[in-house]
Amino acid sequence: MNEYRQLPAVDQLLSDLVIQAAIQQYGYGLTREACRDVLAARRAAITAQGGPRDTSITGEVLELLLSWTRTSPRAVINATGVILHTNLGRAPLSAAAVAAAGAAAGYCDLELDLETGSRGRRGGTCEHQVCLLTGAEDALIVNNNAASVLLILTALARRRRVIISRSQLVEIGGGFRIPEVMNLSGARLVEIGTTNKTHLKDYQEALSEPAALVLRVHPSNFRIEGFTAQVPLADIVTMAHQAGALVVDDLGSGLLSARGAGGMEDEPRPRESIDAGADLICFSGDKLVGGPQAGIIAGKKDLVEKLRRHPLARALRIDKINLAALSATFSAHLRSAADVELPVWRMISAKTDELESRVVAWQKALGFGIIKPSQATIGGGSLPGETLSSWCLEVSQPNLSGFARRLRNGRQSVVGRLEKGRLVLDARSVLPEQDEELIQAVREAVAT
Ligand SMILES: *Cc1c(COP(=O)(O)O)cnc(C)c1O
């Protein structure tokens with residue numbers, strides 16, 4: 001009981017000089033809220049018989065106020081070696097994409113034709129860029145690729161049969177499950193084949209009854225190896241079209257780059273799917289495209305137009321800031337400048353010996369750590385099982401998890417990879433212009 005009495009009343013706390021200064025900065029209402037929260041937490045701690053706290057009440061109030069008013073998400077240096085790290089926001093934007101997004105943040109010609117002064121179409125330029133990059137007749141940009149799939153199924157397959165191979169009933173990180181999206185859209189799922197093998201005759205049988213479409217989904221984040229069989233897209237197209245059904249290809253990543261790095265031979269390319277006759281394709285903006293979150297739909301003009309006019313399209317449309325960033329990203333692909341401009345592609349195409357010399361420089365600047373070869377990955381549901389050779393600095397510290405936490409929470413946050421009791425900083429997912437900041441952040445995390 002005594003312990004509770006030692007806690008000040010809210011009004012008493014509010015008259016404290018430190019808290020008075022906080023009121024100046026944060027306002028009375030928010031500061032009082034923070035005082036109440038801290039006192040409530042203290043009372044709860046006493047009830048739970050947690051030991052005495054070594055921090056001051058006013059200090060906790062200030063910390064709470066800081067945490068409430070800090071803008072989020074915070075910038076992070078990604079030293080995990082996973083290039084498309086979903087928890088770290090997938091693809092980092094290029095400088096041009098950031099500039100374009102900044103410019104569009106104010107008034108912009110989002111839906112105005114500056115030439116004629118009359119109403120224009122949102123995303124018109126971006127859609128045309130997609131057509132140039134994929135060879136499609138028309139395109140539509142939506143909020144993300146999950147939205148692409150939902151819109152396509154809702155607009156084109158509601159209450160009708162959709163045929164899909166069992167090996168493609170995937171779950172993508174963050175709970176995007178093909179069968180659930182199918183359910184939500186009102187389409188009727190028709191599973192064919194088995195987990196490892198689906199044959200042309202499986203499609204043939206399923207298409208003997210009327211179906212809206214055949215959906216092909218790139219397995220993205222897993223790989224079936226060994227005794228397997230899948231039907232080439234062109235064969236599915238021939239059969240589906242004979243039966244009056246459409247073919248939709250959800251590519252996931254959408255590899256636009258002509259070259260691609262090692263291990264990308266099997267990664268499907270949007271243009272190949274269009275060439276093979278897919279009626280619609282869709283892919284993400286923030287995977288191998290290397291741009292912002294977006295869903296890109298491309299294909300036959302009449303179908304894209306139908307999607308554009310569907311009421312759901314309005315709810316799933318992309319915002320102006322992401323649209324601008326996406327357009328700048330496509331511009332880099334169109335000019336074959338992805339490898340020099342887009343961070344994801346700069347990371348993928350970085351030479352391994354350049355990574356080694358950078359890690360040597362990290363070690364030299366820090367004066368500690370072990371230089372080691374490493375295996376980085378593309379991540380983001382692209383190329384599962386494939387690794388990119390890399391170099392890393394292995395840091396051991398007495399209290400490693402404390403060190404890793406300080407590194408994550410420092411002035412410049414750095415996220416590394418904890419591996420066998422060591423913290424690994426992988427150079428593959430760090431851009432050369434971030435080296436200085438990374439070294440400084442590690443220094444600070446060691447010193448504190
Ligand atoms: C990643 C992925 C999605 C979901 O895309 P988001 O842009 O994350 O919504 C859908 N389908 C496939 C095949 C994917 O790989």
Condition met for Ser273 (away from the ligand (no atom under 14 Å from the Cβ) and either without any contact (Cβ under 8 Å) to a residue 12 or more places away in the chain or out of contact with any Pro (no Cβ under 6 Å at 6 or more places or on another chain) (or both)): no
Residue list for region 205-230, restricted to those being among the hydrophobic types (A, V, I, L, M, F, W, C), surrounded by fewer than 20 Cβ atoms within 10 Å (Cβ to Cβ) and more than 15 Å from the ligand (Cβ to nearest atom): Phe227, Ala229
Cβ pairs under 8 Å, 6+ apart, first in region 292-308 and under 20 Å from Glu272 (Cα atoms), second among the aromatic types (Phe, Trp, Tyr) and within 16 Å of the ligand (Cβ to nearest atom): Gly295/Phe283; Ile296/Phe283
Residues that are free of Cβ contacts under 8 Å to residues at least 24 places away in the same chain and on the phi > 0 side of the Ramachandran plot, drawn from region 336-374: Gly367
Condition check for Ile296: within 16 Å of the ligand (Cβ to nearest atom), modelled with pLDDT of 95 or more and either under 22 Å from Ala100 (Cα atoms) or part of a loop (DSSP other than H, G, I, E, B) (or both): yes
1 or more residues surrounded by 18 or more Cβ atoms within 10 Å (Cβ to Cβ) and of a type in the set (Phe, Trp, Tyr): qualifying helices (runs of 4 or more DSSP H) within region 12-113: 17-26
Residue within region 127-139 that is at pLDDT 95 or above, within 26 Å of the chain's Cα centre (by Cα), of a type in the set (Gly, Ala, Ser) and within 15 Å of the ligand (Cβ to nearest atom) present: no
Single residue of region 256-267 satisfying the filter (among the hydrophobic types (A, V, I, L, M, F, W, C) and surrounded by fewer than 23 Cβ atoms within 10 Å (Cβ to Cβ)) that is modelled with the highest pLDDT: Met264
Residues located in region 319-351, provided they are buried (at least 24 other Cβ atoms within 10 Å of the Cβ) and either of a type in the set (Val, Ile, Thr) or in a loop (DSSP other than H, G, I, E, B) (or both): Thr329, Leu342, Val344, Ile348
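Results for (1) in contact with a His (Cβ under 8 Å, 6 or more places away or on another chain); (2) free of Cβ contacts under 8 Å to residues at least 12 places away in the same chain; (3) closer than 15 Å to Thr377 by Cα, shown as yes or no for each residue.
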{"residue": "Arg70", "(1), (2), (3)": "no, yes, no"}
{"residue": "Val82", "(1), (2), (3)": "no, no, yes"}
{"residue": "Asn87", "(1), (2), (3)": "no, yes, yes"}
{"residue": "Arg90", "(1), (2), (3)": "no, no, yes"}
{"residue": "Leu93", "(1), (2), (3)": "no, no, no"}
{"residue": "Ala97", "(1), (2), (3)": "no, no, no"}
{"residue": "Ala101", "(1), (2), (3)": "no, no, no"}
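The values are calculated or read from the model by the stated rules, or taken from the named source; none is laboratory data. Since the model is a prediction, treat every value here as computed from it, not as a measurement. Neighbour counts run over all protein chains shown; Cβ positions are idealised from the backbone, glycine included.
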